[in-house]
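To keep things clear, I will list the structure first and then write my remarks on it.
Just so it is clear, none of the values below were taken in a lab; they were calculated from the coordinates. Because the structure is predicted, anything quoted here is derived from the model rather than measured. Glycine gets a Cβ as well: all are built from the backbone with ideal geometry, and neighbour counts include every protein chain shown.
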Amino acid sequence: MKADLFDQRRLLELQAVDTTLTQLAQRRRKLDADPAFATATQRFRALGDKAANLTGDIADLDRDIDRVEREVDLVKNRAASDRDRMAAGASAKELEGLQSELESLARRQASLEDDEIELMERREAVDAELAEARRQLGEAETVLADAQADRGRLLGEIESETADATSSRQALTVNIPDRLVELYERIHAKQPIAAAELVGRRCGSCRIEKSPADMIPIKAAPIDEVLRCEECGCVLIRTELPGSRPATLASEDELKKYQ
Ligand SMILES: [Zn+2]
C-alpha cells in the first residue's frame, strides 16, 4: 500500500490517542474493581442492619417488660382483693385458703419482679449496644460519602478525558486517508499497538531489533510505501525521514540520507 509519509505519521497520533483511550478504560476498570467503595458500602449497610435489629430487640424487650408489669399488677390486685376479703371476715377454712393464696401470690410477684429487673438490665445493655452501633454507623456514613465523592470525581475525570480523546480520534480519522485508517483499524482490532515508529532498527511496538539484512528492503522501500513490522504486524512509521507532502516530491537528497 502506498500513502503519503505525512499521512502515515498521523497514524502515530491516532495510536497515541488510542493508547490514551486504552489507559482510560483500564482506569475505569480499576475504579470499578476498587474495594474501597464496595467495602464502605458494605460496612454502612451491615451497621444499618445491626442498628435496625437492635431497635427491634429493644421493642421486643419493651413489650416483655410491659407484659410482666401487667402481670405484677394483676397479682397485686388479686392480693389486695384477698386481703379485703380477709378483713371483711371469713371462716377459718376460708382464711386458711386466702392466706395460702397470698403466700403464693407473693412468691409469684417476687418472681415476676426478678424477671422485670433482668429484662430491664438486658434492655440497658442492648440500648448501649445500639448507641455504639449508631455511632459507628455515623462514621461509616462519612467514610461512604467520602468514597462516593472520590469515585464520582475520578469517574468525572475519566469520562471527560475519554470524551476529549474520542473527539480527537474522530478529528484525526477524518484527516487521514480512508485506506490507511482501514488498515490501522484492522490491525488495531487484533492488537493494542497498530502503528509504531521505526527507531533505528527497532520496532516501537514489539521492540524487536531488525537485522541488517531485514533493513535492506526497508531502506529500499519508497518513501510512500506503507511498511509493516514482520514480527508484530504493526504499521512501521519512518520518522527519521524528513516529512513530505506529497511523498513523490521527496527529494533525492532526503531519500539518500535515509538510505
Ligand atoms: Zn514490531
Helix 35-87 sits off the longest principal axis of the Cα atoms of the chain, rounded to the nearest 10 on a 0 to 90 degree scale, by 10 degrees
With +1 on each Lys and Arg Cβ and -1 on each Asp and Glu Cβ, how big is the dipole of the chain about its Cα centre, in debye rounded to the nearest 20? 1960 debye
Computed over the chain: longest principal axis from alpha-carbon atoms vs helix 5-33 long axis, angle to nearest 10 degrees, is 10 degrees
Angle check, please: helix 178-190 long axis (alpha carbons) against the longest principal axis of the chain (alpha carbons), in degrees 0 to 90, nearest 10. 50 degrees
Sort 216-228, 192-204 by packing, meaning the average of other beta carbons within 10 Å per residue, with the highest value first. 192-204, 216-228
Sort 175-183, 55-63 by packing, meaning the average of other beta carbons within 10 Å per residue, with the highest value first. 175-183, 55-63
Rounded to the nearest Å, the spacing of the alpha-carbon centers of the range 7-35 and the range 91-155 is 58 Å
Which number do you get for Rg(Cα) / (2.2 N^0.38 Å) in the range 110-204? 2.58
Report Rg(Cα)/(2.2 N^0.38 Å) for the range 1-101, keeping two decimals. 3.23
Taking 10 °C and 1.306 mPa s as the conditions, I'd like the Stokes-Einstein D for the range 177-241 in µm²/s, using the Kirkwood hydrodynamic radius from alpha carbon pairs. 132 µm²/s
Treating only the Cβ atoms of Lys and Arg (+1) and Asp and Glu (-1) as charged, compute the dipole magnitude of the range 28-174 about its Cα centre; round to the nearest 20 debye. 640 debye
Qualifying aspartates and glutamates (Cα of each under 16 Å from Cα of Lys50; at least 8 residues distant if same chain): Asp60, Asp127, Glu129, Glu132, Glu139, Glu141
Averaged over every viewing direction, what's the projected area of the C-alpha convex hull for the range 28-174? Give it in nm², one decimal, please. 13.2 nm²
For the pair Asp34 and Ala145, the simple spin-label estimate (label points 7 Å beyond Cα toward Cβ) gives in nm 1.9 nm
Using the Cα gyration tensor of the chain, with a ≥ b ≥ c the square roots of its eigenvalues, what is the shape: rounded (a/c below 1.5), prolate (a/b larger than b/c) or oblate (neither)? prolate
Mean ellipticity per residue at 222 nm, deg cm²/dmol - from DSSP H runs of n ≥ 4 across the chain, formula -39500 (n - 2.57): -27500 deg cm²/dmol
Peptide ranges 83-94, 125-136 listed from the most packed, as the mean C-beta count within 10 angstrom indicates: 125-136, 83-94
